[in-house]
Amino acid sequence: MRWLQGFAATALLLAGATHAQSTGSGGAAGAFAFVDVDVLPMDRDVRLESQTVVVRDGRIVAIGPSASVDVPEDATRIAGERRVLMPGLAEFHGHVPGGDDPVYVQDTLDLYLANGVTLVRNMSGDVSHPELRERIERGEISGPTMVVASPWLRSENADAAAREVRAHHAAGFDLVKIGSIPADAYPRMAATAHAVGIPFAGHIPDGVPLEVALDAKQTSIDHFDRYVEFLVPPGTDTGDREAGWFGSGWVQWVERGRIQDAVTRTRAAGTWNVPTLTLVEHMASAETPEAMLQWPEMRYMPASERERWRRAKHEYAARETFQPDAAQALVTLRRELLKALHEGGAPIVLGSDAPQFFNVPGFSIHREMAMMQAAGMTPYEVLVTGTRNAAQALGTPEAFGTIEVGQRADLVLLAGDPREDLSHVQAPLGVMARGRWWPREALDARLAEIAARHAE
Ligand SMILES: [Zn+2]
């Protein structure tokens, strides 16, 4: 049974255990103490030195100076050695495959974990996902905590949209993934979602202006959808050219002076943005797809997916509206928009859209963070978007995203301070998700197993 591989097998073997296991086995549950570790609590920009953090049954139960916090007798000790402990990261626009290939599902979940991603807001819902979410929750299989979006909404009209929103809510999905519904169905869809109390997020459908989505208090806008259209002044003669892929066809008519209006409206609506800069930048970059497929993390993707990406980039490069100048203008505009939204108090949450377009699950979140820094955010501000902001965006700031007593034990142990250099958050020395601990050796063993699967 191929399902019983890697972390999955380990987690199952440990399911009956009542006490902490040695950290060598990976995926162990129970009581842990990070001893003499420096803590980035992420509720403020500070490094607390020489702390002990005690975890029991998936929660943080004690934090304090190592000299004054007792390590429980039954706790597995993890030597901190003044290295850095911070909350795990969220991928707020990720994808987990559907249920027909359990090996690929498990590989994807473990790629996220191996990169310190302890929560994925899954944006391509599949009927199998609510159950997958529960199995991870119960510790039957390894993986980041899953927030599960409905299947891509593609209702034919307003009645169907209302019906489908109610059905997705009843089926246990955490949010509605907005896809390609008719523009005149959007208001009913939004009103129904508010009435049943389910968030709705993702795209803004074709023909729905940004301001309509903001007035409807869409929970999050992903990929900066429809911002370019908003930034083109009404009445501009765009001829017969379509706005196209994330507004790439209209960038030349954007008026920078309208950015502040977009920021003000976004902040007033309380709508989150999940920028997914990687999505556009990977397509727009001058790097050839053949060169991109040499990136180290590509070894963890199936050959069929790599080939899809290679072809997609060639197809984009051939588009009339995506010639180098226009593509670069779109990248520059999106970075400016991110900086303006962030500085204007319109909230941002970290997401890269893996696995789309050269975004290998988990690895791509680190490329996204580097792009956010290049856009003008400080490393600390970038880290906030992937930790505390994710918890706030879900309306559960008390649940995770900071290191405080009572929080879920979603933690990464790092060799250095990522506020000084974001690359320190890559390849953590160990990852704890819901109180289960995977040291680097266990993560690397899983990575090697996944790479071997795709090596043929
Ligand atoms: Zn996506």
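Taking VAL127 as meeting all but one of (1) under 21 Å from the mean Cα position of the chain (by Cα); (2) crowded, with 24+ Cβ neighbours inside 10 Å; (3) of a type outside the set (Lys, Arg), write down the number of the exception.
(2)
For the stretch 255-265, name all the residues that are surrounded by 15 or more Cβ atoms within 10 Å (Cβ to Cβ) and touching a Gly at 6+ places or on another chain (Cβ under 8 Å).
The answer is VAL263, and nothing else.
Condition check ((1) part of a strand (DSSP E or B); (2) away from the ligand (no atom under 16 Å from the Cβ); (3) within 22 Å of PRO428 (Cβ to Cβ)) across all residues:
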position: VAL69; (1), (2), (3): no, yes, no
position: ASP74; (1), (2), (3): no, yes, no
position: GLY99; (1), (2), (3): no, yes, no
position: GLY125; (1), (2), (3): no, no, no
position: LEU132; (1), (2), (3): no, yes, no
position: VAL147; (1), (2), (3): yes, no, yes
position: SER155; (1), (2), (3): no, yes, no
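I'd like to check something: does the stretch 354-365 contain any residue that is more than 16 Å from the ligand (Cβ to nearest atom) and closer than 30 Å to GLY239 by Cβ?
Looking for residues that are more than 16 Å from the ligand (Cβ to nearest atom) and closer than 30 Å to GLY239 by Cβ, one finds none in the stretch 354-365, hence no.
If a residue has to be farther than 11 Å from GLY247 by Cα and assigned to a helix (DSSP H, G or I) to count, how many in the stretch 319-328 make the cut?
Qualifying residue count, the stretch 319-328: 4.
Is it fair to say VAL405 is within 17 Å of the chain's Cα centre (by Cα), farther than 30 Å from ALA269 by Cα and of a type in the set (Val, Ile, Thr)?
No, not satisfied.
Would you confirm, using the coordinates I've provided, whether ALA243 is surrounded by fewer than 18 Cβ atoms within 10 Å (Cβ to Cβ), away from the ligand (no atom under 16 Å from the Cβ) and either β-branched (Val, Ile, Thr) or in contact (Cβ under 8 Å) with a residue 12 or more places away in the chain (or both)?
no
The numbers here are math on the coordinates, done by the rules we state, and not lab data. Quick caveat, the model's predicted, so the values are computed rather than measured. Quick reminder, even Gly has a Cβ in these numbers, built from the backbone with ideal geometry, and neighbours come from all protein chains shown.
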